[in-house]
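Undergrad: I'd like to ask you about the structure that follows.
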Amino acid sequence: MKTIVLVGNPNVGKSVVFTQLTGARVMISNYPGTTVEYTRGQLQIGGESFEVLDSPGTYSLEPACRAEEVTVQLVEKADLVINVVSAINLERNLLLTTQLLEKKVPMVVALNMIDEARHKGIKIDLARLEEMLGVPVIPTVAISGEGLKELVDALSRARPGEGKALLPPERWAAVGRIVEAVQQVRHRHHTWLESLQVASLKPLTGIPLAALVLYLSYKLVIGLGELLSGLIETYIFSRFYEPLLQALSRTLGGGGFWHELLIGRLVDGQISLEESMGLLTTGAFVAVGVVLPYLLIFYLVLGFLEDSGYLPRLAVMVDRVMHRAGLHGFAIIPMILGFGCNVPAMLAARNLESRRERFIASTLTSIAIPCVAQLAMIIGLVGRFGGAYLSVVFATLFFLWIVLGLLLDRFIPGYTPSMVVEIPPYRLPHFKAQLKKMGMRVRHFIFDAIPYILGGILFMNLLSISGAIDFLGLILAPVVEGLFGLPGESVTTFLIGFLRKDVAVAMLLPLNLSARQFVIGATVLAAYFPCAATFTVMLKELGLKDMTASAAIMLLSAGSAGVLLNLLLERVLPPLYLSAGLVGAGIILALLAGGTSSRREISAVQNDLVSKTDSAGEEA
């Protein structure tokens, strides 16, 4: 089977072209030996089948990161290349086109977003462009499907480029000559949408807009996710699934090894989807009834932000803050998603460029970003003691995020390079494309993440049945009493938290804790090990070595937070003063101690320039 590889800059509509060509028959794969994803599908032309690969977006075939290296390797193995080019930013896109022509691979150029180019007063002489490039050029509007049939028909006319190898200055000069010959731009006044595009990138207007977009996105995901979760629980689990479980429970005799493993323990003689902790009860409910509803809504919101053109702008606005912790602006996505559920947040972190960034983002999210179910419990139970005590929990998590981000950026080798991203124009997303994209992502979650969620719950059930959890409770009780000032009975709560952290927070209620103790318990539960579902997905995404390091950081961070609060809260500072102190200290540390990654990048660039200068001198 011949292979067609789609290649193009980021944000040129390449993935939309891919989706239109392949429909729903797609698979998401990791390139061998890497964690970089690309998407595979099939295309039927006549009686012949082609494998179509959607490569990671790149600006050049001189790779600057692992994802771009994968694109270069895919091009080397391609039988045919479709170069997706943005008609509204022709000059930048043609740099990659000229490099592809030098590879001598049969190629077709899809000149995408041709409708937006017309609206902007950009006129492109297609015949002249095709003549100068030496390969077929097909105008397309991928989001509506316009030109896609012509693109498929043109694949039979694909031919290798005739470009010769050029030095960078020569290549830019060649691109300039092509653009000058084929493109005409008519002057016109900015529209209100273009004015909004500019405003969303200026700090004075962009930061409030970003805050508004994040707030509305969060409320939409949480609100609709909660509604959908309730509907699934009421109309699927309560009406159809629970009666089947009750019948299975009776068949298994209401107890024993298999009952504990599959159904879990009965609560007041009844099965509880949230508290029984069985593989078929809590395991299935967490995956389908809790995680999936929020994931569906989040993917719709994420797809809208992506295709509307706002997501790159959001990344630019938060990049400076995220860079203080060694992360790109795009790391805001798993952070936002983590407030809904940490499982899809871990899956979203895989889109970050380097292993270093994925480790930092996953670790910070699992420690400092509580999921919506846990948030609801913390707000409801700690909030009973007043807003001042509730603020201590969130101020501590904020402080942990800042301090850990600075430390990880400082001590993990390497650096996060400055973010270079194409800013696309605002556009109205196409609903059909949105649904296809969401379907691809949800299938990926079902087949890639749910088995790990169930596996984590199965492992914890085996520990519980074997008595290992009770044994750990006896050993750890003196530690919890001495360091955190909590009763020994709370150890079981922390161990249960590895299965369901929200349930664990609720289990603090019968212990008759003081306000101070409740704050300490809720904070430690929020910051230590993620739930079993998140833990197992992290293990898959990070690997055993990085997951072990991340777990050690989680335990150390949660323990330190518990000890700090035990020493300071009420004994030294009242809750409101402690909250203000933690937030203020975090901000000051971020301003004064951050920027390690940026300094390393500057040093690396300077060393590279010196090395190139020395090499040029030796050659001369």
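Undergrad: Please specify each residue of the stretch 308-325 satisfying the condition of being open to solvent by 20 Å² or more (accessible area, probe 1.4 Å) and either in a helix (DSSP H, G or I) or hydroxyl-bearing (S, T, Y) (or both).
TA: Scanning the stretch 308-325 gives V316, M317, V318, D319, R320, V321.
Undergrad: Any residue in the stretch 565-579 that is at negative phi and of a type in the set (A, V, I, L, M) sitting within a Cβ distance under 7 Å of a residue that is at pLDDT below 95 and not in a helix (DSSP H, G or I)? List the pairs, counting only those 6 or more apart or interchain.
TA: What qualifies is L578/L569.
Undergrad: Related question: Residue under question is G223, and the condition is that it be assigned to a loop (DSSP other than H, G, I, E, B), open to solvent by 30 Å² or more (accessible area, probe 1.4 Å) and free of Cβ contacts under 8 Å to residues at least 40 places away in the same chain; does it hold?
TA: No; evaluated as a whole, the condition is false for this residue.
Undergrad: Taking the condition open to solvent by less than 50 Å² (accessible area, probe 1.4 Å), among the β-branched types (V, I, T) and either touching a residue at least 12 places away in the same chain (Cβ under 8 Å) or part of a helix (DSSP H, G or I) (or both), does V301 pass?
TA: Yes.
Undergrad: What pairs come up if the first residue lies in the stretch 166-177 and is of a type outside the set (D, E), the second is at pLDDT below 85 and assigned to a loop (DSSP other than H, G, I, E, B), and their beta carbons are under 7 Å apart, counting only those six or more places apart or on different chains?
TA: Correct list of pairs: A174/L166.
Undergrad: Does the stretch 85-123 hold any residues that are part of a helix (DSSP H, G or I), farther than 25 Å from S156 by Cβ and not basic (K, R), and which are they?
TA: Passing the criteria: L90, E91, L95, D115, E116, A117, H119.
Undergrad: Considering only the stretch 340-364, how many residues are surrounded by 21 or more Cβ atoms within 10 Å (Cβ to Cβ) and not aliphatic (A, V, I, L, M)?
TA: Of the residues in that region, 9 qualify.
Undergrad: Moving on. Output the number of the condition that F529 fails; it satisfies all remaining conditions of (1) in a helix (DSSP H, G or I); (2) open to solvent by 20 Å² or more (accessible area, probe 1.4 Å).
TA: Going through the list (1) in a helix (DSSP H, G or I); (2) open to solvent by 20 Å² or more (accessible area, probe 1.4 Å), F529 breaks only (1).
Undergrad: Quick check: anything in the stretch 159-178 modelled with pLDDT of 90 or more, touching a Pro at 6+ places or on another chain (Cβ under 8 Å) and surrounded by fewer than 23 Cβ atoms within 10 Å (Cβ to Cβ)?
TA: Yes - at least one qualifying residue is present in the stretch 159-178.
Undergrad: Among the numbered criteria (1) more than 18 Å from the chain's Cα centre (by Cα); (2) farther than 20 Å from A590 by Cβ; (3) part of a helix (DSSP H, G or I); (4) aliphatic (A, V, I, L, M), which single criterion is violated by L428?
TA: That leaves (3) as the condition not met.
Undergrad: Which of the residues spanning the stretch 124-158 are open to solvent by 40 Å² or more (accessible area, probe 1.4 Å) and assigned to a loop (DSSP other than H, G, I, E, B)?
TA: D125, I143, S144
Undergrad: From the list L556, L578, L582, pick out the single residue that is part of a helix (DSSP H, G or I) and more than 21 Å from S366 (Cβ to Cβ).
TA: Checking each option against the conditions leaves just L578.
Undergrad: Kindly establish whether R118 is over 30 Å from the mean Cα position of the chain (by Cα) and either modelled with pLDDT of 90 or more or open to solvent by less than 10 Å² (accessible area, probe 1.4 Å) (or both).
TA: So R118 does not fit the description; no.
Undergrad: Any residue in the stretch 473-494 that's free of Cβ contacts under 8 Å to residues at least 12 places away in the same chain: show its pairings with residues that are of a type in the set (S, T, Y) and surrounded by 14 or more Cβ atoms within 10 Å (Cβ to Cβ) at Cβ separation under 9 Å, as long as the two are six or more apart or on different chains.
TA: E481/S490
Undergrad: Can you find a residue that is closer than 30 Å to A558 by Cα and of a type outside the set (G, A, S) anywhere in the stretch 428-442?
TA: no
Undergrad: Mind checking whether some residue in the stretch 79-101 is over 33 Å from the mean Cα position of the chain (by Cα), open to solvent by 20 Å² or more (accessible area, probe 1.4 Å), over 25 Å from A173 (Cα atoms) and of a type outside the set (S, T, N, Q)?
TA: So far as the stretch 79-101 goes, no, none of its residues is over 33 Å from the mean Cα position of the chain (by Cα), open to solvent by 20 Å² or more (accessible area, probe 1.4 Å), over 25 Å from A173 (Cα atoms) and of a type outside the set (S, T, N, Q).
Residue-wise test of (1) in contact with a Gly (Cβ under 6 Å, 6 or more places away or on another chain); (2) open to solvent by 20 Å² or more (accessible area, probe 1.4 Å); (3) in a loop (DSSP other than H, G, I, E, B).
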position: V491; (1), (2), (3): yes, no, no
position: F498; (1), (2), (3): no, yes, yes
position: Q517; (1), (2), (3): no, yes, no
position: G521; (1), (2), (3): no, no, no
position: V524; (1), (2), (3): yes, no, no
position: A552; (1), (2), (3): no, yes, no
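Undergrad: Answer yes or no: is there a residue in the stretch 382-400 that is basic (K, R), open to solvent by 20 Å² or more (accessible area, probe 1.4 Å) and out of contact with any Leu (no Cβ under 6 Å at 6 or more places or on another chain).
TA: Yes: the stretch 382-400 contains one or more residues that are basic (K, R), open to solvent by 20 Å² or more (accessible area, probe 1.4 Å) and out of contact with any Leu (no Cβ under 6 Å at 6 or more places or on another chain).
Undergrad: Considering (1) at pLDDT 75 or above; (2) open to solvent by less than 30 Å² (accessible area, probe 1.4 Å); (3) within 25 Å of Y294 (Cβ to Cβ); (4) of a type in the set (A, V, I, L, M), say which one L406 fails and leave the rest.
TA: Result: L406 fails condition (3) only.
Undergrad: Only one of (1) hydrophobic (A, V, I, L, M, F, W, C); (2) closer than 25 Å to C341 by Cα; (3) part of a helix (DSSP H, G or I) fails for L483. Which number is that?
TA: (2)
Undergrad: While we're here: Open to solvent by 70 Å² or more (accessible area, probe 1.4 Å) and either in contact with a Gly (Cβ under 6 Å, 6 or more places away or on another chain) or not hydrophobic (A, V, I, L, M, F, W, C) (or both), is that true of P203?
TA: In short, yes.
The values are calculated or read from the model by the stated rules, or taken from the named source; none is laboratory data. These figures come from a predicted structure and were not determined experimentally. With ideal geometry, Cβ positions are generated from the backbone for all residues, glycine too; neighbour counts draw on all protein chains shown. The accessibility values were calculated without ligands, DNA or RNA, using every heavy atom of the protein model including side chains. Shrake-Rupley method; radii C 1.70, N 1.55, O 1.52, S 1.80 Å.
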